[in-house]
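J.: One structure follows; several queries about it will come next.
The values are calculated or read from the model by the stated rules, or taken from the named source; none is laboratory data. In this text, all values refer to a predicted model and were calculated from it rather than measured experimentally. Virtual Cβ from ideal backbone geometry, glycine too; neighbours counted across all protein chains shown.
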Amino acid sequence: MSRWAWAEIDLGAVRHNIETISAIVGPAAVWAVVKADGYGHGAEQVAAAARWGGAAGLCVALVKEGLALRDAGFDCPILVLSEQPPDDLGEAIRAGLELTVYSYQQLQAIAAAGGRDHPVHLKIDTGMRRVGADAEDALSLTQAITESPATRLAGLCTHMAVADQPDDPFNGEQTELFGRVLLTLTLAGHQPAIVHAANSAAALAIPAPRDLAGPDFWSHIARLFDHLLALTEQPGWAIDLWRLFYLPDAPATPDSALAAVLTAMTAWLDEALAAGRASGAVRDDLPPSLQAALAVAVLRAMDEWSLQHLEELDEAARARLASVQLDAFRRLLAP
């Protein structure tokens with residue numbers, strides 16, 4: 001029996017929408033969600049239009065949805081948005097589907113299914129209360145991911161609960177919590193290749209979550225860390241840098257190059273911030289946890305030096321170093 005009602009999908013409009021959103025959120029990338037048969041619009045057709053419009057990847061809810069896209073010829077990254085039954089993971093791995101994880105059980109299941117350096121995205125529940133790990137478990141789960149030969153950390157993500165209400169203060173609370181998780185991982189030396197926090201509503205109306213996903217901000221932090229580490233390798237500079245950040249009340253050596261170090265560091269910080277602001281990656285209204293990322297880079301550089309030279313310090317200096325480090329970390333990660 002036929003029906004007198006149907007839906008006509010303008011795939012050109014789908015492509016235009018992806019192009020428009022990409023222009024708004026750039027330099028962050030857009031991944032198109034085509035679960036539930038592309039929300040009833042036809043998964044393969046909508047996926048093709050989205051890719052045509054510049055979508056960097058696709059997202060689905062179930063392994064079978066990702067497999068159907070692979071069978072249709074899509075070779076782009078495809079992310080499954082929630083944990084999956086263990087029996088489905090073997091096919092997902094063979095098809096190269098990226099997997100969302102938030103439990104040790106799923107990590108064990110991926111390993112048992114034959115995963116080998118398989119890309120996974122760690123999802124943090126910052127308030128949606130649907131799926132995701134608690135924020136306090138983020139670091140231990142990340143370590144489990146990176147220490148296992150079965151998995152590698154390809155992404156870190158969360159989901160905004162009320163992004164369609166951009167003035168709701170809960171958006172800021174979620175972004176702030178997710179920012180603290182990012183800082184925690186950065187302090188521990190983990191830098192996920194992809195960070196995604198903005199659904200459609202957040203991407204269009206709330207700048208902070210999409211800033212978290214922009215690659216420029218975090219690349220500036222990585223460059224700053226490399227630069228500071230290079231400074232600590234210069235003869236005569238390392239001890240003064242270390243004294244500056246960890247033992248500010250200790251006297252400098254008579255022939256100190258501290259002034260030169262400070263001048264160079266200040267100039268480079270100004271350069272990094274200026275470049276970040278010019279690209280839109282660093283903004284004065286970013287959440288405090290993101291503004292603290294420059295301080296994180298400084299601490300990491302100093303940590304790297306102190307680990308290399310720890311044997312040169314006496315017991316009192318080591319104790320003072322540990323105390324100052326702990327205090328700094330607490331202040332950086334404080335709500």
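J.: Can you tell me which residues in segment 170-183 are under 17 Å from Arg129 (Cα atoms) and surrounded by fewer than 22 Cβ atoms within 10 Å (Cβ to Cβ)?
T.: Once the filter is applied, which keeps residues that are under 17 Å from Arg129 (Cα atoms) and surrounded by fewer than 22 Cβ atoms within 10 Å (Cβ to Cβ), segment 170-183 yields Phe170, Gly172, Glu173, Glu176, Leu177.
J.: Let me ask something else about it. Scan segment 154-169 and give yes if some residue there is surrounded by fewer than 20 Cβ atoms within 10 Å (Cβ to Cβ) and farther than 29 Å from Glu19 by Cα, otherwise no.
T.: Yes, there is a match, as at least one residue in segment 154-169 is surrounded by fewer than 20 Cβ atoms within 10 Å (Cβ to Cβ) and farther than 29 Å from Glu19 by Cα.
J.: A further question follows. Looking at (1) among the polar types (S, T, N, Q); (2) modelled with pLDDT of 90 or more; (3) surrounded by fewer than 23 Cβ atoms within 10 Å (Cβ to Cβ); (4) over 25 Å from Arg70 (Cβ atoms), which one does Thr186 not meet, given that it meets all the others?
T.: The one condition Thr186 does not meet is (2).
J.: Within segment 122-136, take every residue that is touching a residue at least 24 places away in the same chain (Cβ under 8 Å) and over 12 Å from His159 (Cβ atoms) and give me the one that is surrounded by the most Cβ atoms within 10 Å (Cβ to Cβ).
T.: Step one: list which residues in segment 122-136 are touching a residue at least 24 places away in the same chain (Cβ under 8 Å), which gives 122-133, 135.
Next, from what is left, pick out any that are over 12 Å from His159 (Cβ atoms): 122, 133, 135.
Numbers: Leu122: 27, Ala133: 20, Ala135: 17.
By that ranking, first place goes to Leu122.
J.: For Ser103, all conditions in the list (1) out of contact with any helix residue (DSSP H, G or I) (no Cβ under 7 Å at 6 or more places or on another chain); (2) touching a residue at least 12 places away in the same chain (Cβ under 8 Å); (3) farther than 25 Å from Ala198 by Cβ hold save one; what is the number of the exception?
T.: Ser103 satisfies all of (1) out of contact with any helix residue (DSSP H, G or I) (no Cβ under 7 Å at 6 or more places or on another chain); (2) touching a residue at least 12 places away in the same chain (Cβ under 8 Å); (3) farther than 25 Å from Ala198 by Cβ except (3).
J.: Turning to a different aspect of this structure: For segment 61-76, which positions are under 12 Å from Val33 (Cα atoms) and surrounded by fewer than 19 Cβ atoms within 10 Å (Cβ to Cβ)?
T.: Ala61, Leu62
J.: Quick one: in segment 139-150, of everything that is in contact with a Lys or Arg (Cβ under 9 Å, 6 or more places away or on another chain) and surrounded by 15 or more Cβ atoms within 10 Å (Cβ to Cβ), which residue is nearest to Phe178 (Cα to Cα)? Quick ask: steps written out before the conclusion?
T.: From segment 139-150, those in contact with a Lys or Arg (Cβ under 9 Å, 6 or more places away or on another chain) are 145-146, 149-150; that's our starting set.
Of the ones still in play, those that are also surrounded by 15 or more Cβ atoms within 10 Å (Cβ to Cβ) are 145, 150.
Values: Ile145: 19, Ala150: 26 Å.
Applying the filter and picking the extreme gives Ile145.
J.: Please go through segment 1-31 and give me each residue that is without any contact (Cβ under 8 Å) to a residue 24 or more places away in the chain and of a type in the set (Ser, Thr, Tyr), ordered by number.
T.: Across segment 1-31, the qualifying residues are Ser2, Thr20.
J.: For segment 101-141, which positions are polar (S, T, N, Q) and either within 18 Å of Gln84 (Cβ to Cβ) or in contact with a strand residue (DSSP E or B) (Cβ under 6 Å, 6 or more places away or on another chain) (or both)?
T.: Ser103, Gln105, Gln106, Gln108
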